[in-house]
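The values are calculated or read from the model by the stated rules, or taken from the named source; none is laboratory data. The shown structure was predicted, so the numbers you read here are calculated from the model rather than taken from an experiment. Cβ: placed from backbone, ideal geometry, glycine included. Neighbour counts: every protein chain shown. Note: areas computed on protein heavy atoms with side chains; ligands, DNA, RNA excluded. Shrake-Rupley method; radii C 1.70, N 1.55, O 1.52, S 1.80 Å.
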Amino acid sequence: MILNPLVQQVLDLIGIFAFALSGALLAVRKRFDVVGIVVLAEVTALGGGLFRDLVIGAVPPEAFTTTSYFTTPLVASVVVFFWHPRLTRIRRFVLFFDAIGLGVFCVAGSLKALNHGMHPLAAVALGAATAIGGGAARDLLAGDVPALLHPESEIYAVPALVGSGLVAVLAVTGTLTPITSALAALLAVVVRLLALHYGWRAPLARGGGSL
Amino acid sequence: MILNPLVQQVLDLIGIFAFALSGALLAVRKRFDVVGIVVLAEVTALGGGLFRDLVIGAVPPEAFTTTSYFTTPLVASVVVFFWHPRLTRIRRFVLFFDAIGLGVFCVAGSLKALNHGMHPLAAVALGAATAIGGGAARDLLAGDVPALLHPESEIYAVPALVGSGLVAVLAVTGTLTPITSALAALLAVVVRLLALHYGWRAPLARGGGSL
Amino acid sequence: MILNPLVQQVLDLIGIFAFALSGALLAVRKRFDVVGIVVLAEVTALGGGLFRDLVIGAVPPEAFTTTSYFTTPLVASVVVFFWHPRLTRIRRFVLFFDAIGLGVFCVAGSLKALNHGMHPLAAVALGAATAIGGGAARDLLAGDVPALLHPESEIYAVPALVGSGLVAVLAVTGTLTPITSALAALLAVVVRLLALHYGWRAPLARGGGSL
């Protein structure tokens, strides 16, 4: 709507593909079978958007109405199933695309929430939920505590909030355009990549774990 | 709609009862209390259909509007609470009914999705999600990785996809009738029972677990 | 609607704040970072109501449309982040407010379900789900089996069912007023506090764990 639709869809598919790769690779690491690979790829790629669409009442969700959205994770599953030893060597490559997915999804999520008349603060929350929801579901299904919760992982929710928060500010100030939206996505991507490079972590409350 | 409504409801209730038994039995095995038994029975029996109904926008979901749908798991809970030592000896019996539930649910799920105007490919996915969603939620709540993901369990999602996939093919080719729908459900049941009998498992990607 | 709206909102916010405290404190105990604290606070406080609203078709859910509903858990997160060593000493205080949240939420949930035309039995289930859903999601995300399932915890779902069940009985008998609704909430609170004081637990099926 605000971004050029073709550009938006290409970015969406890149994000979906990257998230699906991360889900499929986790399934291989957990020694799940091919069904597990496909399920984790689909859930990771589509879970966040599915949650957003249910909340804003956009049913049936895009995840089920746009064929390319749920066939793309199948392609990622095939890639991982046959070539995963090479993919682990290019884990940095996957993290890079995952960062792009994060940026695209947090901006696309908050834009869609705003377009459905949600309050800007709710749009910030939904944009972030779109970006981080799929990964959280992936980790839960695989039997792990979601990476975004614990402190050994570089910040992930914060860049998503930066991107979706900037979209809300742009909307409130009437400066939301395709270019500023793209810059918001870019900012989220850059913050995430810097967090990975410099090992930025979120602070802990003092003295936890002793309760 | 396509099946005789009475036949469909009887089959639905058999599926709900079988799924509820599997949830209640897992709760007993995990030493959960009676609340845990009822919650797992309800979630296993109704979770998949609830997800499907939320996705296609059929709210409030059948799980809450059809009284027999959410009282049936209570009956299964009572049965398990008082007679579970006998039920474990008839675990094969439960697996047999669970297979019937799987067949009924994957076909009913994809039929309902098609009736709500979903794309045939989306109907395949939703049919399978209806059949496997409750069991996945059951395993998550009980603290286990969902059985359908890991390779020690006989194939479960595949028979569901066979059933819902056949329904989609029948719909696209204009050959969807009560009889062909019933045959699709029967095929899913037979594939699942054969998988149990012969120990069919889904393949793993080579070299997993070393990443 | 049935309660005085201002009274209801004050009670809702007390319940949200208490549930958020319990989520944030669990995050600290698990050594999650500040993102984990906020996520668990939000999920615990808003998860049950979100589920209820999705099921009855009240979208977008109140959790996203009422600003105070999703800013209150942020306040609770700040409180826990800076003062949690004191909060653990007042764990009894948190359990007390959590009991008030339980009472308010089970009654508010069943009232809202009735107002949306749900069957009384479904309203009982949805009222209980509103009260217990957030805590179940909190425990799952934190990597624990939900406390309400296992038998070492004092009964939690039962007081919720008492409160939402009483609302349904009042509605069916035409005696639902602000005062009787408040009494139903109070009854649920009292049952929960008595359960905590006397260590009431739900019964187990005999011989579980041996299957």
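Scanning segment B:149-171 for residues that are open to solvent by 30 Å² or more (accessible area, probe 1.4 Å) and either closer than 29 Å to B:N115 by Cα or assigned to a helix (DSSP H, G or I) (or both) turns up B:Y156, B:V158, B:L161, B:V162, B:L166, B:V169, B:A171. Among residues of segment B:142-155 that are more than 23 Å from B:R206 (Cβ to Cβ), those with a beta-carbon under 6 Å from a residue that is in a loop (DSSP other than H, G, I, E, B) at least six positions away or on a different chain give the pairs B:A142/B:K30; B:G143/C:V145. When C:A185 is tested against (1) open to solvent by less than 10 Å² (accessible area, probe 1.4 Å); (2) in contact with a Cys (Cβ under 9 Å, 6 or more places away or on another chain); (3) touching a residue at least 60 places away in the same chain (Cβ under 8 Å), only condition (1) is not met.
The listed residues are B:A99, B:A108, B:A122, and the only one of them that is open to solvent by less than 20 Å² (accessible area, probe 1.4 Å), modelled with pLDDT under 95 and facing another protein chain (nearest Cβ under 10 Å) turns out to be B:A122. In segment C:137-148, of all residues being surrounded by fewer than 24 Cβ atoms within 10 Å (Cβ to Cβ) and either part of a helix (DSSP H, G or I) or modelled with pLDDT of 95 or more (or both), the one that is nearest to the other protein chains (Cβ to nearest Cβ) corresponds to C:L140. Is it the case that C:V34 is within 12 Å of another protein chain (Cβ to nearest Cβ), modelled with pLDDT of 95 or more and surrounded by 19 or more Cβ atoms within 10 Å (Cβ to Cβ)? Spelling it out, it is not the case that C:V34 is within 12 Å of another protein chain (Cβ to nearest Cβ), modelled with pLDDT of 95 or more and surrounded by 19 or more Cβ atoms within 10 Å (Cβ to Cβ). Quick one: in segment C:125-136, which of the residues that are within 12 Å of chain B (Cβ to nearest Cβ) and among the hydrophobic types (A, V, I, L, M, F, W, C) is farthest from C:L40 (Cα to Cα)? So, considering only residues that are within 12 Å of chain B (Cβ to nearest Cβ) and among the hydrophobic types (A, V, I, L, M, F, W, C), the one farthest from C:L40 (Cα to Cα) is C:A125. Could you grab me the full set of residues in segment C:188-211 that are part of a loop (DSSP other than H, G, I, E, B) and open to solvent by less than 70 Å² (accessible area, probe 1.4 Å)? Listed by number, the residues that qualify are C:G199, C:A202, C:A205, C:G207, C:G208, C:G209. The residue that is surrounded by the fewest Cβ atoms within 10 Å (Cβ to Cβ), counting only those in segment C:39-61 that are aliphatic (A, V, I, L, M) and more than 8 Å from chain A (Cβ to nearest Cβ), is C:A58. Taken over segment A:173-199, the residue count meeting the criterion of being within 14 Å of chain C (Cβ to nearest Cβ) and in contact with a helix residue (DSSP H, G or I) (Cβ under 7 Å, 6 or more places away or on another chain) is 3.
Among the residues of segment C:70-88 satisfying the criterion of being more than 10 Å from every other protein chain (Cβ to nearest Cβ) and not aliphatic (A, V, I, L, M), which is least open to solvent (accessible area, probe 1.4 Å)?
It comes out as C:P73.
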